[in-house]
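Accompanying notes for the structure given below.
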Amino acid sequence: MRYSSDSFLDDGLRAWLRCPACHSGLEQLRDGYGCAACGRQFPSVRGVLRFVGAGNYADSFGYQWQEFSTTQLLPDFAELNFRRKTGLRLEELKGKLVLDVGCGMGRFAEVATRWGARVIGVDLSAAAEVAADNLQGREFRAMQADVMALPFAFETFDCIYSIGVLHHTPDCERAFKSLPQYLKPGGTLAVWLYSGYNKWYRFSDLYRKLTTRVPIRFLHSFFRMAVPCLYGLDCGLRTIPLFGKPLAGLIRHLFPVSLTRNPQVRVLDTLDWYSPKYQSKHTYEQVFRWFESCDFENLTVAEVSIGVKGRKSLNKACGSTATSPTEENAGLALKS
């Protein structure tokens, strides 16, 4: 392991960890953990506990975050996105035990640990290794695990958040409903998902039928050439009087790519959009029903759709106290 053994997180791991297969307690081994009940072993490799084998539908993210390991590690930008997409505040996380579901390279865990939270980050892909490297010295532990079978005791965490991840699973609703059992009564759950209101992505859905079948390295090479060309075309067209801006808008609609100012982020965001095997879009009505069916209350809507935060009921009998949001809050950026 790369971190000090006197960490609060290290001391608590044995109490919090459970076998993802049979949910029995785990025993600490020389380099990892093992389940005495079913015999499974979960090694620690390069500072990351592994609860899944190599090779899965999230492999594109492993490549992506290893190639762009620090591109989005921009504290101010990440903090702004964290606030806008979850509605979480510093005082809600300080001193709390937090689960980051789909931690990627650790950009949001960096914010949470800076706010004083103790964070366990899980990711199905090898991106967990990048997060472990990026957040060395923080109260953060990275694990490679499946959201559908997390290796934790029930009611362990004070807060769980997942930003831009659950819609990349085979069943977003099932993935969401797997989380509340790990949250303490009165704890907070915040999720951000792709919006289903704005149909700008209609053409990208057609292209994804091909791009999701293309090897990730080839796709990356293609976007390294195509994205700068489309960005240059967009900038050039917008300088033409009268017809330039409408034509640029048409090109954006027909060939959706990220047009953010940072050239490296443009390629990363576009690759992130077109490479994942699964990508679903959702509405507030759907997500509110999910929260309500899991006995959450005090639902609030984040600044950027589709972001919803709720508090797990203390008494198992509650409903939403928020009014259903409208499509006025349903704008969507490609990826940020």
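Since every read-out is calculated from the coordinates, none of them should be taken as a lab result. Note that the coordinates shown come from a computational prediction; the quantities given were computed from them, not determined experimentally. Backbone-built Cβ (ideal geometry, glycine too); neighbour counts: all protein chains shown.
Data for the structure
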| read-out | value |
| --- | --- |
| Global geometry of the stretch 103-210, whether rounded, prolate or oblate, following the gyration tensor of its Cα atoms and the 1.5 cut on a/c | prolate |
| Which of P263, L99, L206, positive extreme of dipole for the chain (C-beta unit charges) | L206 |
| Loop trypsin sites (Lys or Arg not before Pro), the stretch 212-272 (other Cβ atoms within 10 Å of the site Cβ: 15 or fewer; DSSP) | R213, R238, R261 |
| Cα-projected label distance for Y57 with R89, points at 7 Å along beta-carbon direction, nm | 3.7 nm |
| Distance between the stretch 248-269 and the stretch 164-209 - C-alpha centres, whole angstrom | 22 Å |
| Nearest-ten-degree value, helix 244-254 long axis tilted from longest Cα axis of the chain | 50 degrees |
| Compactness of the stretch 159-283 as Cα Rg over 2.2 N^0.38 Å, two decimals | 1.28 |
| Efficiency of FRET between K245 and R114 - r from beta-carbon atoms, R0 56 angstrom, step 0.05 | 0.90 |
| Cα gyration tensor, the stretch 1-76 - rounded (a/c under 1.5), prolate or oblate | oblate |
| Helix axis angle, 202-211 relative to the chain longest principal axis, alpha carbon, degrees | 70 degrees |
| Added length on full extension, which subtracts the Cα-Cα distance from 0.36 nm per residue, Q66 to R202 | 46.0 nm |
| Residues C159, C22 arranged by fewest to most Cβ contacts within 10 Å | C22, C159 |
| Cα-centred dipole magnitude for the chain, charges only on beta-carbon of K, R (+1) and D, E (-1), debye, nearest 20 | 660 debye |
| Contact order relative to length of the stretch 1-155, as percent, for alpha carbon pairs under 8 angstrom and 6 or more apart | 26 percent |
| DSSP beta bridge pairing in the chain, given as percent antiparallel to the nearest 5 | 45 percent |
| For R18, distant residues with modelled amide H under 5 Å away | F152, A153 |
| Rounded if a/c under 1.5, otherwise prolate or oblate - the stretch 213-274, Cα gyration tensor axes | prolate |
